[in-house]
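The values are calculated or read from the model by the stated rules, or taken from the named source; none is laboratory data. None of these values were measured; they are calculated from a predicted model. Here Cβ is always computed from backbone atoms with ideal geometry, including for glycine, and neighbour counts include all displayed protein chains. In case anyone asks, the SASA skips ligands and DNA or RNA and just uses the protein heavy atoms, side chains included. Shrake-Rupley method; radii C 1.70, N 1.55, O 1.52, S 1.80 Å.
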Amino acid sequence: MKLSTRGRYGLKAMYQLALHYGEGPIPLKSIADAQNLSENYLEQLFSSLRKEGLLNSVRGAQGGYLLARPPSDITVGSILRTLEGDLAPADCVIDDEYDCENEEHCVTKLVWIKIRDSINEVVDSITLQDMLDEYKKMKKD
C-alpha cells in the first residue's frame, strides 16, 4: 500500500503547523516554503483538514492556519484518513457492504484484515507530538 501525495504532503504540512503550535496563525506560504510543497495544492488539502476539524483558519493580513487541537491530540491516522480515506490494502476489508463473489473461499482476506488492522494500530498510536519529540531527539544526536 502506498500513500498518495495528499497523505504525504498533508502530514508534512500538519507537522509544520505542530512545530509552531501556540504561536498563532502561520501563513500558507510559510508552510509551503518550509516543506517545499505547492501552495495551491496545500490549500486544497487544508480545506479537507479544516472541514474535519483538524485545522482552523484565520483571515486577514496576520492570518493563516493553526492546529485546531494540541499536537498530542491529533493522530497521524486522523490526518491520513481525512486525506486518503480508509487505510485498507483491499476493498473487501473496508466495509461490510463490499460484495465479493469469492468471499466464502477467499484465502487472502484474513491477510488483508491483519494488514489493515496493523496499519490502523500504528498510525493511530502516533501523534503530531510524538513526531515533534522524535525530531527533538534527532537534533540532539
statement: Over segment 1-47, the set of residues in contact (Cβ under 8 Å) with a residue 40 or more places away in the chain and outside any loop (DSSP other than H, G, I, E, B) is Arg6, Gly7, Gly10, Leu11, Met14, Tyr15, Leu17, Ala18, Leu19, Ile26
message: Against the definition (part of a helix (DSSP H, G or I), of a type in the set (A, V, I, L, M, F, W, C) and open to solvent by 30 Å² or more (accessible area, probe 1.4 Å)), how does Ile79 come out, yes or no?
response: no
Filtered residue count, segment 48-69, keeping only those that are surrounded by fewer than 19 Cβ atoms within 10 Å (Cβ to Cβ), part of a strand (DSSP E or B) and more than 18 Å from the chain's Cα centre (by Cα): 1
- request: For Ile79, indicate whether it is within 22 Å of Gly22 (Cα to Cα) and in contact with a strand residue (DSSP E or B) (Cβ under 7 Å, 6 or more places away or on another chain).
  value: no
query: Can you find a residue in segment 53-66 that is touching a residue at least 60 places away in the same chain (Cβ under 8 Å), under 23 Å from Met1 (Cβ atoms) and not aromatic (Phe, Trp, Tyr)?
result: no
query: When you go through Tyr21, Tyr98 one by one, which is the residue that is within 26 Å of Met1 (Cα to Cα), open to solvent by 80 Å² or more (accessible area, probe 1.4 Å) and either at pLDDT below 90 or more than 15 Å from the chain's Cα centre (by Cα) (or both)?
result: Tyr98
Within segment 107-131, considering residues that are farther than 30 Å from Asp73 by Cα and either out of contact with any Cys (no Cβ under 7 Å at 6 or more places or on another chain) or hydroxyl-bearing (Ser, Thr, Tyr) (or both), the one least open to solvent (accessible area, probe 1.4 Å): Thr108
statement: Every listed condition ((1) over 22 Å from Thr5 (Cβ atoms); (2) part of a loop (DSSP other than H, G, I, E, B); (3) open to solvent by 80 Å² or more (accessible area, probe 1.4 Å)) holds for Asp86 save (1)
query: Within segment 3-18, restricting attention to residues that are of a type outside the set (A, V, I, L, M, F, W, C) and within 9 Å of the chain's Cα centre (by Cα), which residue is nearest to Lys136 (Cα to Cα)?
result: Lys12
